[in-house]
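Shown below is the structure under consideration.
The values are calculated or read from the model by the stated rules, or taken from the named source; none is laboratory data. Everything numeric in this text was worked out from a predicted model, so none of it was measured. Please note: Cβ atoms are built from the backbone with ideal geometry, for glycine as well, and neighbour counts cover all protein chains shown. With ligands, DNA and RNA removed, areas are computed over all heavy atoms of the protein, side chains included. Shrake-Rupley method; radii C 1.70, N 1.55, O 1.52, S 1.80 Å.
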Amino acid sequence: MADGVTAPASASVTPARRLVVEGAHVATVDAHDTEHAGGHVVVDGSRIVAVGPGPAPAWCTAGLAAPGSAAGSVPGSAVPAAAPIPVERVDGRGHLLTPGLVNTHHHLYQWLTRGIAQDSILFDWLVALYPTWARIDEPLVEAGAAAAIAVLARSGCTTVGDHHYVFPAGAGDLLGGIVRAAGTVGVRLHATRGSMDLGRSQGGLPPDFAVETTDAALRAGQEAVARFHDPSGDARVQIAIAPCSPFSVTADLLREAAVLGRQLGVRLHTHGSETVEEDAFCLERFGRTPTQYLEDLGWLGDDVWMAHCVHLDDHAIGRFAATGTGVAHCPSSNGRLAAGIAPIASLLRAGAPVGLGVDGAASNESGQLGTEIRQAVLFGRLRSGADAFSVRQGLRLATIGGARVLGRDADLGSIEVGKLADLALWRVDGVEFAGIADPVAALGLASMPPLARLWVGGDAVVAEGELVHADQGLLAEGAARASADLRARV
């Protein structure tokens, strides 16, 4: 990005409002990792119109139309619009400005079941929790999702990816509850219509009462896309098709779900290669590794992303890179369940898309995405060496990497002219960071800085750590009641 980039002459509509942030350390996370110490970012409406070093150009703060816009009578000049543009100015001194963070994998309903099976590996943890999850319903899921999304937003997250795959009979509109929860807080949602059809009586892990039929799962996926999916660049809600995992889904459902997703033009998501037990399950049952099994069923491609991918061999890494299959890296959850450390440095070197995920709050009780940047850096160094994983790589995973994994990198994930104004402003002038040599290291190596502001499409969602559109105290009370209600049902 060149210094002082402004909107192109094609900008033709006078915006109703303008946001000007000046004086912050701007980490653009563009293709060149451009940064501006004491830089500016200008937003007209929902999109970025200027980025660069130093103060914003005079036309920005004066409420003039962008250079070359239809409101200007002289090409390349800034002149008064039909009416002055209202300008909100934000003093960014002492702050780090990054793209809004992108969460590529979560199970929002699990906010209601945190702190259970604390010392278990994945399979034992699932067995312990499935009986509780099978008793969720629409009000409980909405309450849990709203609280989980509030915590994500307060940790810098503007786009929430959720994998919901438990649909008990008679539970109501679970996906609709999650969509409403995202709207309550004000973030973007990449929801999935997940599914399980391989119960314990068929050799799967979940109990039979927690699964659906194959046909019912496919019909529900098609209906979810018709109801909620917005394919536009500035979409607030998108839907993916997401059978749960090789040990809870039949080959028929995996195969047909891939066909369905591609017919509908939506992305595909599942869990893959999370644990050594999963590897053993696939080798014993199918005679193949999870990656080989999933590829045979149509589950590698640039419209697919998988959660975890901890146990990938060199062949699998090569296949992910060659096909553009994305990875949702969930370091805290992988540590909590002792699953291992994913080969993220190797995946990145090979060219595979990689983003960050929190994973379900029942295996990452923090529920924060901002803290996962530090975890990714530390885990990456433990696996690959101190010089193998930088703080800026961690930030890239959380922003443009995640946007690429979700297929949204044309509009999200970096601070560039023309992109949507999903932005996080972190305070780095407090005592915790006083004198730190690198503001990005405050986010990638130190404790997560306080979030001063969060914008989604230019709209304020968090201000000084507080939600703008929702009462976080009421959300907390609702989640606590829902959690107690759910436990009482077991």
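Residues of region 365-377 being open to solvent by 10 Å² or more (accessible area, probe 1.4 Å) and either under 16 Å from Glu274 (Cα atoms) or not in a helix (DSSP H, G or I) (or both), which ones? Before the answer, list the steps.
From region 365-377, those open to solvent by 10 Å² or more (accessible area, probe 1.4 Å) are 365-366, 368, 371, 374-375; that's our starting set.
Once the filter is applied, which keeps residues that are open to solvent by 10 Å² or more (accessible area, probe 1.4 Å) and either under 16 Å from Glu274 (Cα atoms) or not in a helix (DSSP H, G or I) (or both), region 365-377 yields Glu365, Ser366, Gln368.
Just wondering, is there one or more residues in region 208-215 that are modelled with pLDDT of 95 or more, assigned to a helix (DSSP H, G or I), over 27 Å from Met448 (Cβ atoms) and more than 26 Å from the chain's Cα centre (by Cα)?
yes
Hey, can you tell me all the residues within region 281-333 that are touching a residue at least 24 places away in the same chain (Cβ under 8 Å) and among the basic types (Lys, Arg)?
Arg285, Arg319
Let me ask you something else. Taking region 451-467, which residues are in a loop (DSSP other than H, G, I, E, B) and either hydroxyl-bearing (Ser, Thr, Tyr) or surrounded by 16 or more Cβ atoms within 10 Å (Cβ to Cβ) (or both)?
Gly457, Gly458
Pull out all pairs, ordered by first then second residue, where Cβ-Cβ is under 6 Å, the residues are six or more apart or on different chains, the first lies in region 345-361 and is polar (S, T, N, Q), and the second is open to solvent by less than 30 Å² (accessible area, probe 1.4 Å).
Hits for this filter: Ser346/Ile317.
Restricting to region 406-450, name every residue that is open to solvent by 10 Å² or more (accessible area, probe 1.4 Å) and in a strand (DSSP E or B).
Across region 406-450, the qualifying residue is only Arg427.
Same structure, new question: Take the conditions over 29 Å from Gly367 (Cα atoms) and in a helix (DSSP H, G or I) and apply them to Ala345. Does it pass?
Spelling it out, it is not the case that Ala345 is over 29 Å from Gly367 (Cα atoms) and in a helix (DSSP H, G or I).
Can you name every residue in region 224-252 that is assigned to a helix (DSSP H, G or I) and either modelled with pLDDT under 95 or under 23 Å from Arg135 (Cβ atoms) (or both)?
Ala224
Checking Arg285 against (1) crowded, with 23+ Cβ neighbours inside 10 Å; (2) within 21 Å of Leu126 (Cβ to Cβ), only one condition comes out false. Which one?
(1)
Separate question: Could you grab me the full set of residues in region 83-135 that are surrounded by fewer than 23 Cβ atoms within 10 Å (Cβ to Cβ), of a type in the set (A, V, I, L, M, F, W, C) and outside any helix (DSSP H, G or I)?
The answer is Ala83, Ile85, Val87, Val90, Ile116, Ala117, Ile121, Ala134.
Follow-up question, since we're still on this one. Residues in region 111-149 that are of a type in the set (S, T, N, Q) and under 18 Å from Leu205 (Cα atoms): how many?
So the first thing to find is which residues in region 111-149 are of a type in the set (S, T, N, Q), and the list is 113, 118, 120, 132.
Checking the rest, the ones that are also under 18 Å from Leu205 (Cα atoms) come to 120, 132.
Final tally of qualifying residues: 2.
Within region 190-207, how many residues turn out to be in a loop (DSSP other than H, G, I, E, B), out of contact with any Phe, Trp or Tyr (no Cβ under 8 Å at 6 or more places or on another chain) and over 16 Å from Ala169 (Cβ atoms)?
Final tally of qualifying residues: 1.
Considering only region 353-360, I want to know if a residue exists there that is of a type in the set (A, V, I, L, M, F, W, C) and within 20 Å of Gly115 (Cβ to Cβ).
Yes, region 353-360 contains a residue that is of a type in the set (A, V, I, L, M, F, W, C) and within 20 Å of Gly115 (Cβ to Cβ).
Something else now. I'd like the full set of residues that are touching a residue at least 24 places away in the same chain (Cβ under 8 Å) and farther than 16 Å from Ala181 by Cα, limited to region 448-465.
Met448, Pro449, Pro450, Leu451, Ala452, Arg453, Leu454, Trp455, Gly457, Gly458, Asp459, Gly465
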